[in-house]
Amino acid sequence: MTQQPAAATKPKATPRRLDPEDAQHALAEVQDLLRRQQVVEDLVHRQEQGDSKASLVEDLVHRQHETELAALVNDLHPADIAFILESLPKEERQTVWRLVSPHHDADVLLEVEDWVRESLIEAMDRQDLVAATGNMDADELADLAPDLPPDVVAEVQKGLTEEERAQLLEAMGYPEDSVGAIMDFEMVRVREDVTLEVVLRYLRRLHELPDHTDQVFVVDRQDKLQGVLPLSKLLVSEPETEVREVMSTDFLTLNPLDSDADAAGAFERYDLVSAPVMDDQGRLIGRVTIADVVDVMREDSQEQALSRAGLQEEDIFAPVAMALRNRAPWLLFNLCTAATASFVASRFEDTVSHIVILAFLMSIVAGIGGNSGNQTMTMIIRALAVGRITGRNLWQLVKREMLVTLLVGLCGSVVAALFAWGISNSVAIAIVMMAAMICNMLVGASVGVLVPMVRARFGKDPAIGSSVLLTFATDSLGFFIFLGLATIFLL
């Protein structure tokens with residue numbers, strides 16, 4: 001039976017957790033204290049520079065506000081402190097961060113988003129960074145290592161055991177989006193030839209189990225995984241029973257080079273709480289827990305939402321220059337696509353001048369085509385993310401999407417045709433409106449399938465800029481189809 005990692009034997013105090021509404025209230029309290037502190041400072045600065053009494057008042061009020069702020073913040077869970085820091089401008093964020101207890105530093109650094117963590121680390125001196133990261137587990141330190149100064153990482157490594165140092169180097173060696181990058185090394189291992197009573201005695205000697213422990217891993221003397229022992233079975237089975245008699249040999253294993261998205265899909269599919277990670281020799285080297293998987297799902301969801309608009313993750317209070325570098329490229333591209341759509345429309349100036357009502361109807365054709373394509377694109381991106389699209393089912397999926405779009409287009413185009421007839425009193429315009437809408441919805445569905453698939457085929461994020469490209473296609477081709485049909489059949 002192997003020993004439990006030292007980090008798992010230390011009992012931790014349980015900070016106060018807040019529900020979302022209370023977290024918002026705590027943020028409002030912090031902002032109010034910061035505002036009052038700023039108001040007092042502004043009032044005092046209006047006094048004469050040599051007024052020692054005013055300076056004394058400012059110092060006393062400043063200390064009082066800092067004391068209230070520190071008491072409020074340090075009573076919160078690190079995740080709630082991280083939420084507050086992420087919601088404040090950089091200057092106020094640094095003010096609050098200086099008041100956070102060193103006891104919370106490590107947990108807060110692990111909880112905050114990457115773009116906030118960088119600014120927090122910048123505000124810490126070397127000694128504080130070493131103190132904050134010195135007690136971290138190897139997998140946690142590996143998460144922070146890219147953001148830490150190299151000399152801090154080197155200093156922290158000196159305080160690690162040989163096993164912990166090897167684990168750190170191993171975790172840092174895996175690709176960012178792999179299972180190895182998110183696995184942790186805290187787990188309970190037992191041998192198959194001991195009784196359940198021995199296992200229970202061993203567990204009772206631990207101060208606490210590693211988080212999200214739902215099963216004990218059964219290994220041999222070479223650490224090769226033989227099976228898993230669910231805690232539920234451990235508790236209800238007879239103490240004299242040997243582990244090999246009740247352990248399960250039907251379990252999911254992960255490889256450290258597997259994609260973290262694939263691991264998240266497996267957790268979702270099989271309702272897992274934890275899963276072992278094995279190397280190519282079958283040795284147990286770590287585990288992935290539901291907490292790690294939830295983080296992966298959240299990050300992937302955020303990245304997809306930003307990528308579809310051509311954005312990268314950024315500090316919401318980042319300097320204007322940084323925001324411009326992030327947003328300007330795709331906005332300029334969008335400007336070019338909009339100009340192209342306008343150019344297409346301008347080629348039909350004579351048609352629009354003869355039938356002015358077309359100018360009011362063509363935006364409907366473009367908008368509905370874009371919305372239809374966006375539905376298809378969202379579904380395709382999601383299916384790609386969870387690995388449901390393969391070469392064998394791709395054509396079937398394309399045919400289904402085109403059929404669904406055609407049927408929806410037929411229903412929607414009837415309503416649009418009735419609207420066009422109602423405001424123009426022309427059956428011909430209504431028929432052109434109906435045909436153009438169906439065609440542009442099919443264009444939107446085609447682009448919604450092709451753009452993510454082509455980008456995924458070349459190893460690119462299928463969501464990046466997809467909405468911009470879709471809008472370009474449905475606007476330009478929508479105008480062309482609608483005004484082209486109008487030119488042919490109405491003039």
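Brief remarks follow.
- Vicinal HN-Hα couplings computed from phi for segment 228-243 (Karplus, 6.51 cos²θ - 1.76 cosθ + 1.60; Hz; Gly/Pro x): 10, 10, x, 4, 4, 6, 4, 6, 9, 8, 5, x, 7, 5, 7, 4
- Per residue accessible area of the chain, 1.4 Å probe, in Å²: 54 Å²
- Within the accessible area of segment 207-303 (1.4 Å probe), percent carbon and sulfur: 45 percent
- Alpha-carbon centroids, segment 373-414 and segment 443-491: separation in whole Å: 14 Å
- Measuring only protein heavy atoms, the 1.4 Å probe finds HIS103 accessible over about 130 Å².
- Placed amide H near GLY227: partners under 5 Å, 5+ positions off or other chain: VAL218
- Residues whose placed amide H lies under 5 Å from that of GLY286, excluding near-sequence neighbours: VAL277
- Correct choice for mean projected area of the Cα convex hull in nm² that was computed from the model, options (i) 33.1; (ii) 28.1; (iii) 23.1: (i)
- Charge sum, other residues only, whose C-beta stays under 13 Å from VAL199's C-beta, Lys/Arg counted +1 and Asp/Glu -1: 0
- Heavy-atom accessible surface of segment 21-176: percent carbon and sulfur, 1.4 Å: 48 percent
- Solvent-accessible area of ILE464, all protein chains in place: 50 Å² (probe radius 1.4 Å, heavy atoms, ligands and nucleic acids excluded).
- Sorting PHE251, PHE185 on solvent-accessible area from highest to lowest, probe radius 1.4 Å, gives PHE251, PHE185.
- Radius 14 Å from Cβ of GLN31, net charge of other residues (Lys, Arg +1; Asp, Glu -1): -3
- For segment 469-486, backbone phi angles converted through the Karplus equation (6.51, -1.76, 1.60; θ = phi - 60°) give residue-by-residue couplings of 5, 5, 4, 4, 5, 6, 6, 5, 6, x, 4, 4, 5, 5, 6, x, 4, 5 Hz, Gly and Pro being listed as x.
- Helical contribution to [θ] at 222 nm, DSSP H n ≥ 4, -39,500 (n - 2.57), averaged over the chain, rounded to 500: -21500 deg cm²/dmol
- Selection from THR340, MET441, THR351 lying farthest towards where the dipole of segment 284-442 points positive, charges on Cβ: MET441
- 3J(HN,Hα) along segment 286-300: x, 8, 10, 10, 4, 5, 5, 5, 4, 4, 4, 4, 5, 5, 5 Hz, from the Karplus curve 6.51 cos²θ - 1.76 cosθ + 1.60 with θ = phi - 60°, whole Hz, x for Gly and Pro.
- By a 1.4 Å probe calculation restricted to protein chains, SER274 has an accessible surface near 10 Å², given to the nearest 10.
- LEU252 long-range amide H proximity, modeled H, under 5 Å: none
The values are calculated or read from the model by the stated rules, or taken from the named source; none is laboratory data. These numbers were taken from a predicted model, which means no experiment stands behind them. Using ideal geometry, Cβ is built from the backbone for each residue, glycine included, and neighbour counts are taken over all protein chains shown. With ligands, DNA and RNA removed, areas are computed over all heavy atoms of the protein, side chains included. Shrake-Rupley method; radii C 1.70, N 1.55, O 1.52, S 1.80 Å.
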